[in-house]
Amino acid sequence: MKKINTASSLAKIDKAEKEVAKLTTFLKTTSGQKFVNNIHKERIDVLCKRYHLDYIVYTNLTTTMNVVNSVVNKLGLKPENNAREAVEKLTEQHHPQPKRLTLHTRRIIKDGKIERIKSEISKLNIKIDASRKLTHKELLNGYKAHKLDKWLVKNPEPIEQDSTGQLDAFYETEYEKWKNKLELIKVQIEDKIIYKYNPNLPLIVRYKSSEQSYVSKKLTSIPDKENTAKNINNLSDEDNIIKLAKAKVNEEKAKNPKLVAGYLRDHNNQFGRVIIPAA
């Protein structure tokens, strides 16, 4: 069993009581009130050294702050009105931010045509604006761009002339091969992204509500993990997704005779195909 040094413990308690008594005497003075006014503005160790209170600066600053707060609360001291108002103003200040005045696009000449692309500042603003939640379409486009960038790092575009000025005799042939491979990779990347993140096709149906008005709603989703709907208007009636869509439309038609037609959209909601219910 560990022995307790009673004399040492009593000496520490006596020292702490003297330090608290000394701090209490100081806080009752005008300088003590100034010390209280600045507690919220500066680090406690810096403030104590300025007012020659080094005797209460401990290794753990939390202990120092607890000692000071206990004495301040016991004496009922508070920051003076001017200091309190300064704290309130500091917490209530709000500076509205100006609108971005940068251009979002810039023009480039590509294949003899002028195209508009996002400027570097615009791309940077999009990265900075992290509070804006991306739409599902923007997220998928970002995944596609990321995978394509990784492929381009490993398969850079052939150059016609190197840094030494030497011309590549097989540039046209190599560029044509690279371009064809790039188009193939784009299709493969899109298929993979759709398979993983967007495998369903929305099936919209339209009802006749009156003589000249119609109401549309989403009936269900048709699974299409193989991305066969990328050429949705070229699909035959024997394709699985068309068969399933027709079955859903016919089933809804049996329940609600006011149904006029269905509309099966592709993954990007850009194109679609009309589904006519069976008579």
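Computed from the coordinates by the stated procedures, all read-outs in this text should not be read as laboratory data. The shown structure was predicted, so the numbers you read here are calculated from the model rather than taken from an experiment. All Cβ positions, glycine included, derive from the backbone under ideal geometry; neighbour counts span all protein chains shown.
Structural remarks
- Taking 0.36 nm per residue of sequence separation and removing the Cα-Cα distance, the Ala279/Ser216 pair yields an extension gain of 20.7 nm.
- The GluC sites (Glu not before Pro) of region 178-252 that DSSP puts in a loop, and whose beta carbon has at most 14 other beta carbons within 10 Å, are Glu211, Glu226, Glu238.
- Stretching Glu174 away from Leu139 to a fully extended chain increases their span by 9.3 nm, per 0.36 nm per residue minus the current alpha-carbon distance.
- The distance from the alpha carbon centre of region 37-68 to that of region 194-231 is 68 Å, rounded to a whole number.
- Spin-label pair Gln166/Gln188, simplified geometry with 7 Å Cα→Cβ offset, distance in nm: 3.0
- DSSP-loop trypsin sites (Lys or Arg not before Pro) across region 30-59, with at most 16 other Cβ within 10 angstrom: Lys41, Arg43
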